[in-house]
1. For segment 22-35, how many residues are at pLDDT 75 or above and part of a helix (DSSP H, G or I)?
C-alpha cells in the first residue's frame with residue numbers, strides 16, 4: 001500500500017499539468033464548436049451571442065482560434081444598435097458563405113439598406129422588430145428583391161400601439177414579391193393586409209387575422225404542407241352557418257388558438273368548427289374567459305389522433321363532455337391557469353359510464369389553487385389503474401401535498417414530479433399574446449450589445 005501511494009504521488013509530481021488540465025482540452029474541435037453553438041440556439045436572449053463570442057475567445061489561445069476560424073460562430077447577428085451595425089460586416093465576413101440568421105431592430109435608413117443588400121442572397125432567417133411601418137420602408141425592398149432567394153423564415157413584430165390605416169397604400173407595401181423558398185411566417189402587431197404571399201408554408205403564426213370564410217379556406221388550399229398554425233386571436237363570427245363546406249386541414253399536426261373574444265354558452269359559428277383536423281396531434285387552446293370549448297372543437301373536427309392537449313386561462317367547472325369524448329387518443333394534458341382539476345376526472349358523475357381521456361398518462365399543472373388536496377385526491381382516485389403514471393407540478397410547490405395525498409399517489413403508482421418553471425414548455429406561439437410585449441424588446445429599453453465594464457477594452461476587430 002505504501003509503495004502504491006508513493007508511486008501515485010510521484011506520478012502526480014512528475015506531471016504537474018495532471019490537476020490543471022481543462023476537461024475541454026481533450027474534446028475535438030468540432031465537438032467544442034457544437035456545444036457552444038447549441039448554447040446559442042437554446043438561449044432565451046440569443047442577441048447576447050456577441051458578448052458570448054467575446055468571452056469565449058478570451059479563454060485561451062485554442063478557443064480564440066476556434067472562435068475566429070469557425071463560421072458557425074458568425075452566421076447569427078443581432079442588429080439592435082449602431083455598434084452592432086458596425087460589427088455586422090465582421091460577422092458576415094467570418095461566416096464565409098454560410099446562410100445568415102438576422103434580427104433587426106435598429107433602422108438607420110441608407111446604412112441598414114446598404115448592409116443588408118450586400119448579403120440579401122445569404123439571408124435564410126430574418127426577424128424585424130419595429131415601431132411603425134416607416135422604419136421598414138428602406139429595408140423591405142431588400143427582401144422583396146429577386147436576390148433574396150434563400151429566405152426561409154420571416155418574423156415581423158410591430159408595436160401594437162401603432163394604429164394601422166387599412167386604406168393607406170403607404171402602410172401596405174409588398175413585403176415579398178416572391179416567396180418560393182419561404183416556409184415559416186410569424187406576424188404580430190401588423191395589419192392582416194400587411195403580409196407576404198401566404199403560400200407553400202409549413203409554419204404560420206398570425207396574431208391579427210380576421211379573414212372571410214373564403215380567405216380562411218384559401219389559406220389551407222394554398223398551403224397543402226402547412227403543419228403548424230398559431231392563431232392567438234381568433235375572431236368571433238356569428239354569421240356563419242351550416243351552408244359552408246368543411247375546410248380540409250388534414251396537413252396540420254399542431255394547432256394553437258386563442259378564443260379570448262368568445263364567450264357565453266351559446267354555440268359560436270366561428271370558422272374553427274369547419275376545420276377537418278384528421279391528422280392533428282397537438283392542440284393548444286387559450287381563452288381568458290368562461291365558455292364551452294366544444295362550441296369550437298368536437299368530434300366533427302376529427303380529433304382522433306390528438307395526443308397532447310394544452311389548456312391555458314380557462315374557467316371550467318366540469319368536464320367538457322363533447323370535447324373529452326372526441327379526444328380519446330390524448331396521452332398528455334397540460335393545464336395553465338385552469339380553475340378546476342375536476343375537468344380531468346375519469347367520469348362525469350356516478351351515472352356516467354364513459355371514461356374521458358382513457359389513454360391519459362401524464363399531467364402538467366401550474367398553480368396550487370388548481371390542485372388542492374381534495375381535487376388531487378379525486379383525480380387520483382378516478383384515474384387509479386387507468387394508466388396515469390405521472391403528475392408534474394412547479395418546483396415551488398414541493399412542500400404543498402399532504403401526506404395522505406402522497407400515500408394515495410403511491411398506492412396508485414403515480415409519480416409526482418416537480419419541474420423548474422423555466423423548464424415548462426413556452427407554448428406553440430413564437431410571440432406571446434401580451435399586447436405590450438414589444439416595448440421591452442426595443443433597444444431603447446434593453447441594449448443587447450451592452451457589455452460589462454471589464455469588457456469595455458475589448459477590440460472586436462482584433463479577435
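The values are calculated or read from the model by the stated rules, or taken from the named source; none is laboratory data. Everything numeric in this text was worked out from a predicted model, so none of it was measured. Note: ideal-geometry Cβ built from the backbone for every residue, glycine included; neighbour counts use all protein chains shown.
1. From segment 22-35, those at pLDDT 75 or above are 26-35; that's our starting set.
Those still in the list that are part of a helix (DSSP H, G or I) too: 26, 29-35.
Residues meeting the conditions: 8.
This table checks each residue for (1) buried (at least 17 other Cβ atoms within 10 Å of the Cβ); (2) under 25 Å from residue 97 (Cβ atoms); (3) at pLDDT below 80.
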| residue | (1), (2), (3) |
| --- | --- |
| 37 | no, yes, yes |
| 40 | no, yes, yes |
| 43 | no, yes, yes |
| 47 | yes, yes, yes |
| 53 | yes, yes, yes |
| 57 | yes, yes, yes |
| 69 | no, yes, no |
| 73 | yes, yes, no |
| 83 | no, no, no |
